[in-house]
Amino acid sequence: MSTVTLPPPGAFSMPEPDPEAELYRYAARCGRITSVDTAAAHLGLPADTVQAAAARLVELHLLRTAADGGLVPREPEAAAELAVTPLERAMYERRELADRLRERIDGITRAPAGVTGAALDRLEGIAEIRGLVKLAAEVCRDELVVLHPGEAADDLVDELLDACYSVLGDGVGVRLVCPHRSRAGYAARARLTQLAGRGARIRTLSRVPQAAVVFDRSLAVTLDVADLSARRVRDQGMVRFLLGLFDQLWDGATPYAAEDQGYSGGIAHDLQQTIARLMAQGLTDEVVARRLGMSVRTCRRHIAAMLQNLDAVSRFQAGVQAASRFTLA
């Protein structure tokens with residue numbers, strides 16, 4: 001004999017009525033509610049329950065009060081717009097307020113140009129530039145790389161970059177790229193020899209395009225000696241670009257040794273190749289000298305030596321000879 005399992009008590013009981021839904025459907029059927037007591041009698045609900053439901057429906061904008069005191073139903077879409085729009089407006093106003101507060105806080109805390117915090121700051125004046133370089137050098141812990149263009153303002157550039165070399169002997173690696181002409185002048189050569197003796201690794205090129213320093217591969221300072229200004233670069237993409245430029249120049253440069261004398265060996269060849277390249281562009285002696293960071297007199301002496309080495313009697317002939325001997329790309 002099989003056993004019949006009965007459902008638990010209340011399993012088929014009807015859900016509790018929702019007074020607000022019942023009252024709204026009643027108002028929609030009748031078109032209006034003239035009396036809460038009459039509605040309660042029709043719905044079979046206590047009068048106080050219907051009164052509370054009516055108040056809630058008015059709050060939800062599903063019922064509105066008519067001129068005669070009765071309650072008239074609204075369409076759900078209209079009620080939803082009336083109920084939600086103020087909340088959306090309040091949320092929008094709060095977002096606006098939050099944005100204004102954020103902008104105000106940012107405006108107060110954002111560092112002005114030349115102080116701290118910006119990705120690219122402009123600094124002007126020797127004192128300000130020297131202070132920045134000194135501070136950056138003091139916190140440098142890993143590597144410092146220097147591009148020294150060797151222009152007419154050598155002494156000023158050396159003065160501005162002098163703080164960089166204070167890290168020598170503290171375990172910080174220093175690499176310096178400067179022009180070949182630094183090997184020839186007595187004062188410049190003595191300075192390179194001193195730096196090399198303290199641990200700096202130095203290489204030279206015919207031409208260094210920009211004065212710049214990069215500290216710990218994270219902060220760069222570029223110098224413009226012409227107008228005594230500098231730019232502090234914190235943007236990592238720009239710092240990586242400067243490091244890439246430095247590494248490219250470093251790989252093609254000639255190592256400096258204290259025993260090397262002037263423009264000896266491959267250095268003279270490299271310098272003549274650069275001069276030939278510039279001459280092939282039709283540049284004057286003055287422009288070539290300026291590009292190489294040397295005096296016009298010194299530049300003309302190198303040009304004369306190149307003409308002699310090429311067995312040329314004119315600049316034009318030297319250009320033709322150089323085109324066949326040097327790579328002028």
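The values are calculated or read from the model by the stated rules, or taken from the named source; none is laboratory data. These figures come from a predicted structure and were not determined experimentally. Here the Cβ positions follow ideal geometry from the backbone for every residue, glycine too, while neighbour counts run over all protein chains shown. Only protein heavy atoms, including side chains, enter the accessible area calculation; ligands, DNA and RNA are left aside. Shrake-Rupley method; radii C 1.70, N 1.55, O 1.52, S 1.80 Å.
Other residues within the sphere of radius under 15 Å centred on the Cβ of Ala66, judged by their own Cβ, net out at +2 (K and R +1, D and E -1).
Accessible area per residue for segment 166-264, computed on protein heavy atoms with a 1.4 Å probe, is 46 Å².
In segment 213-254, the portion of solvent-accessible area held by carbon and sulfur atoms comes to 51 percent [1.4 Å probe, whole percent, DNA, RNA and ligands not counted].
Ser295 contributes an accessible area of around 60 Å² to the protein surface, as traced by a 1.4 Å probe with all chains present. The accessible surface of segment 140-196, taken with every protein chain in place and a 1.4 Å probe, is 48 percent carbon and sulfur. Rolled with a 1.4 Å probe across the full set of protein chains, the surface gives Leu43 an accessible area near 40 Å². What is the sum of charges around Ala28, taking Lys and Arg as +1, Asp and Glu as -1, for the other residues whose C-beta is under 14 Å from the C-beta of Ala28? Within the 14 Å Cβ shell, the charges total +1.
Compute the signed sum of charges (Lys and Arg +1, Asp and Glu -1) over the other residues within less than 9 Å, Cβ to Cβ, of Val172. Within the 9 Å Cβ shell, the charges total -3. Compute the Cα gyration tensor for segment 151-234, then decide on rounded, prolate or oblate, letting a ≥ b ≥ c be the square roots of its eigenvalues: rounded whenever a/c is under 1.5, prolate when a/b is larger than b/c in the other cases, and oblate in all that remain. Judged from the Cα gyration tensor, segment 151-234 comes out oblate (a/c at least 1.5, b/c at or above a/b).
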